Amino acid sequence: MRMASRNFIFQLFVIFICLCWIHDYTTEACGGVTHIEISYRALNNYQDIYGNVSYNTILNQNQDALEAGSVFPDTFYPDICYKGIFHGVSEDTHWIPFINASVNYFIKNFPKPWSQKTQKLAAFIMGIMSHQVADVSWHALGIDQGFLQAMAGINYHGSFPSAHSDGDLGGDVLNLYQLDLSYSDLLGDWYVPTTDVLNIFREYYGQDVINETVLTTCSKLMYLVKIGEKVFIKKLFPNSAKKSPFLVDELYDYFLGGIKDMSTWTQRLWKHLTIAFEYGIKTCNMNHSSLFFRCNNTHNGTTTARTTKKYFPKHWYYSKLLRLMNITIDDLDAKLHNGELYLKPSAQLLKKLNYELYGQTKKLHLKKKSVSGETPKFLYTLKQDYADLGKAYAVADLNGDDNEDVVVGCPGYVDVNTNQRTGAIFILYGTDEGLKNSTSDISSIADAKIIGPVSQDATENSKFGSSIAIFDLDADGQLEIAVGAPSFGSVNLTYFGRVNVYTPVNQKNYTLRGTIDCQDVYCTLGTNIISEDINNDGLRDLIISSPYAPAGGAQRGIVVALLADRQYLGKTSLKFSAKNYLLGIQNYSWFGYSLAAKRFSDTNETLFVVGTPGTRKCAKADCSFDPADVQAIGQINVYYLTSNQIIPGPVLTGQQQFQMLGSQMAIGGLLDSTTGTLVIAASGQDVKGSSGHDLLDIDQAGAVYIYKLTDLKNPITVLSGDRKFGRFGATIKVLDVNSDGIDDLIVGAPLRTEDITEEITGAQQGRVYVYLGGANFPLSNTTSDCAFTNMETCFELKADRELSFNEDMARFGSRLAVVKCKTKTQLLVTAEHSAKGGRLAGAIGVFDL
């Protein structure tokens, strides 16, 4: 009992110093935790073998060196390292000339066969390469539209320095809060090849610039920072999340500089680095930036001279972190022997950190929690790390048996035959009794599978399966499947994007019919796809959007259409027409982030709605960035489509900063069978709630607005989230799930954390709510129109069903699909970060409705 009391007091102390600290921290370098996560992900499905040398084996067997190398370039920046007087050394370590010196030293001094020590040096250098690659795309160094640049445009009034100072630390905070990082445990050792590193610096500079004492001392301090971060800074999540919804929502998936993209580039550049190890640096094009480093074992390359870069001060938070944690290098078990430094926590340090209290074991984040709400009847999983199972869905009767079938996107799928991350889609045919009723690996039970194109060109890591739609391209009665690959061209840094269209050969096999392409750099075509008849010919057409497309500026967004027509019979070259363009008009507004369309036969027109959640309210007439702008309020544009016209309708605009109105939308009839309704999500909206007599500000809880189609000025009801940063409304679905002739509403809150304090239990379990349409549909402000108890807003009490998943950090509710069969209707819900199959593989919970 006494130990529990001490633990609780210490936990309160940590919370207190976090609250004191968040007001004055600044940092301007990509965080160490983020760099470690990137290199660890890059290990997955990495294969690189030359004769008897397997580089993937070297990295897996020497993760102490890889992890230390992944952080090493920042070692001499912080003021804890001799007050930052060696910052220039760290700056130089971030660029390819340092890799040049490292490879030359390596080849000259270590002929094969390699000893264990030599293999550790190789892993350490590959860690440095990972760090360099990540920093270039994260900070947009020499490229456009990197992560922090976009973050600045959406959440920081266009100010890169402001986004930089919050984003670098924020990335670490979010990774620690949202992910299972047990692979980099507190007990994990670091290895630094001190003698070799000093020799490489000597070769690079032509003289000694640091000595062994400086190198070992600063390396020890960086290792202490890793420990301090893992115990401490995830408690800053509310502060980081409040400042930047973009950071929360896009950290992993953003197309250029998100963690998935940086890991992909790490893999690519590792393969060029190993060519240099094998054949020498003469085979390489030595661009100063690592993102453009290329080696080829068939011809000589070129080199560029080392250039001097202007030092950009990096004011780190490390000294404050270590001071608050009251830890020093004396708390480490550090062994320096024969020019090799081994680091791990001492027993004294583990006791000081109360290791057992914070549960830093390899089972910490896999712990399942018992939460309220219905759990799935069965699950579909996939035993592949980072598979992104359930990233997209499309539903239709593909085989003509009067039961709906579902196509499931899996953009992170690795083809087992080529070991390429090709992406894939899985097809599950419905039966009279519904989908196959068993918890299974989806690859073993799918009725058909389409693997993304396999090659070494622009199709590699294209995120094939990120979006899906079903339509009849050529009116021949056979349904085609359109599959988005928005990162097509990423290997060339073009990110054109592509949509692949497949035609059935039989129920088991599909053939590629053609592709739809975009030639604008960063077009990322295929980010979203839906189908609906937009020209009054009775055929569903393909509607494609990309919120990141330039459209004459930066990330204004585009929407294009491919009209189904018999003219495509037998044709394989598909092109979209410029006359079907809709373009965003404001930089970083993300026009086309969400789409909704519904054909009304009685009026011979289609209601088409486009969401633009990044829209800001501009202070200046020319809408250039200004600190007085109200950011990311969001907007939706309504269009009425006839056979030959696009008629603009009302424009609905948000009012609150980071409200993100238009983040999702749906059209249906929730009140009765004749009254049309438009449902609009504002997934970042702040909500007012209460606990007893106390009012609560629930930051970015999310809200869903419901309008009659006959009155788009005044919502008939607003449903609101009940947890900070829960993203209520991040996914919505409107259709009739109980066969009463009236549509129903399904709402996901994938980032919802069960524990309202965000301190005691795990995070982001996610939740899904079902509201049945008709006479009992809630028609008042459900946040304030009921009694509040136990620090809860009561919107969920008005839901007819509440669904949960029972896994911490799973993000249950990320995507939704409803499949109707003759005797059963089923709901498929994605938990995009579930680890039930593999690390962050994703899982699908199936519920009977």
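Structure notes:
- Partner aspartates and glutamates whose Cα lies under 16 Å from the Cα of K108, excluding those fewer than 8 positions away in the same chain, are identified as D196, E203, E278.
- Principal-axis tilt of helix 96-109 within the chain, Cα atoms, nearest 10 degrees: 50 degrees
- Packing order of peptides 108-115, 764-771, 632-639, highest average first: 764-771, 632-639, 108-115 (average count of other Cβ atoms within 10 Å over each peptide's residues).
- Gyration tensor (alpha-carbon) shape descriptor, the range 670-771, a/c threshold 1.5: prolate
- Distance in nm between pseudo-label sites at S54 and K822 (7 Å out along the Cβ direction from Cα): 5.1 nm
- Tensor-based shape of the range 511-650 (alpha-carbon gyration tensor, a/c under 1.5 rounded, otherwise prolate or oblate): oblate
- Dipole magnitude of the chain about its Cα centre (Cβ charges: Lys, Arg +1; Asp, Glu -1), debye to nearest 20: 1820 debye
- Ranking L803, L169, L709 by Cα position along the charge dipole of the chain, where only Lys, Arg, Asp and Glu carry charges on their C-beta atoms, puts L169 farthest toward the positive end.
- Mean separation of Cα contacts under 8 Å, 6 or more apart, over the residue count of the range 526-627: relative contact order %: 24 percent
- 5 angstrom amide H check on Q764, placed H, neighbours 5+ away: T753, E754, M809
- Positive-end ranking of S443, I468, V395 along the dipole of the range 368-475, with charges on Cβ about the Cα centre, is headed by S443.
- For the chain: rounded, prolate or oblate by the Cα gyration tensor [a/c cutoff 1.5]: prolate
- The H on the amide N of R294, modeled in the peptide plane, is under 5 Å from the matching H of N285, N287, each at least 5 residues off or on a different chain.
- Among 711-723, 822-834, sorting by the average number of other beta carbon atoms lying within 10 angstrom of each residue, highest first, gives 822-834, 711-723.
- Each helix, a run of at least 4 DSSP H residues, gives -39500 (n - 2.57); summed and divided by the residues of the chain, these come to -7500 deg cm²/dmol at 222 nm.
- A simple packing score, the average count of other Cβ atoms within 10 Å per residue, orders the peptides 145-154, 231-240 as 145-154, 231-240, with the highest score first.
- Using alpha-carbon coordinates, inclination of helix 259-279 to the longest axis of the chain, degrees: 40 degrees
- Relative to one another, the C-alpha centroids of the range 506-557 and the range 700-734 are positioned 27 Å apart.
- Of all lysines in the structure, not one lies under 22 Å Cα to Cα from K620 without also being fewer than 8 positions from it along the same chain.
- The distance from the alpha carbon centre of the range 402-479 to that of the range 24-103 is 36 Å, rounded to a whole number.
- Between helix 194-205 and the chain: long-axis angle, C-alpha atoms, 0 to 90°, nearest 10: 90 degrees
- Candidate aspartates and glutamates - alpha carbon under 20 Å from K508, same-chain residues fewer than 8 apart omitted: D397, D401, D402, E404, D405, D415, D432, D441, D447, D472, D476, E480
- In range of the label at N492: residues from the range 446-486 whose backbone nitrogen is under 16 Å from the point 7 Å along Cα→Cβ: 455-462, 486
- Note on the chain: dipole from Cβ charges, positive end direction compared against A619, F106, N285; the farthest Cα belongs to F106.
- Contact order normalised by residue count of the chain, Cα under 8 Å, 6+ apart, percent: 10 percent
Here, each number is a calculation from the coordinates, and none is a lab measurement. Treat the numbers as computed from the prediction; the structure is a model and nothing was measured. Note: ideal-geometry Cβ built from the backbone for every residue, glycine included; neighbour counts use all protein chains shown.
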